[in-house]
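Novice: Below is the structure I would like to discuss, written out as structure tokens.
No lab work stands behind these numbers, since they all come straight from the coordinates. Predicted model, so just to flag it, every value in this text is computed and none were measured. Cβ atoms come from the backbone with ideal geometry, glycine included; neighbour counts cover every protein chain shown.
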Amino acid sequence: MPDVLPIDGKQPLFWLYLGLKDIGHSPWLSLVHGLLIVTGGALITGLAHDRFWLLAGAISGFLVIAPVLATSLYAMSRAIERNEAVNLHLLFKTWTQWQTLHNKEPVSSVVSGLFDGQPAASE
């Protein structure tokens, strides 16, 4: 296992600065995305606030799903870094073509290869 590299105590503040810089690059898209995620969390809390087990399950599920929901923000940051357009088309493409954007092989064939013990066929 590789060694864990130490970081300067100010490094998290630099990361926050970079995040604010990304928000400044495309404020409406960033803020609407964040507002949708906050609204989803508030909706979960509102529906389950008086049902402990439902709330516990919903919060646990939200903690699992939240990093997946953040992929749009990662795509926006990557596009800014590459001087590409940051717009709704980018987010739509991120959510609808994620299986073929990273590599040219659909995820379904990789997953099926896991279950049948055969490597996925390359295109």
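Novice: By how many nm would the segment from Asn83 to Val32 grow when fully extended, if each residue of separation counts as 0.36 nm and the alpha-carbon distance is taken off? Can you show the working numbers first?
Specialist: Values: separation 51, 0.36 × 51 = 18.36 nm, distance 2.14 nm.
Computed gain between Asn83 and Val32 is 16.2 nm.
Novice: For Lys10, Lys93, what's the fewest-to-most ordering of other Cβ within 10 Å of each Cβ? Could you put the intermediate results ahead of the total?
Specialist: Details: Lys10 9, Lys93 13.
Lowest count first: Lys10, Lys93.
Novice: By count of other Cβ within 10 Å, fewest leading, how are Val4, Val86, Val38 ordered?
Specialist: Working: Val4 6, Val86 19, Val38 10.
With the fewest neighbours first, Val4, Val86, Val38 line up as Val4, Val38, Val86.
Novice: Okay, next question. Is segment 1-54 rounded, prolate or oblate when judged by the Cα gyration tensor, a ≥ b ≥ c being the square roots of its eigenvalues, rounded requiring a/c under 1.5 and prolate requiring a/b larger than b/c? Show your work: numbers first, answer last.
Specialist: On the way: a/c = 3.57, a/b = 1.46, b/c = 2.45.
Oblate, since a/c reaches 1.5 and b/c is not below a/b.
Novice: Could you work out how far apart the two model spin labels at Thr100 and Ala70 are, taking each label as a point 7 Å from the Cα in the direction of the beta carbon, and quote it in nm?
Specialist: 2.9 nm
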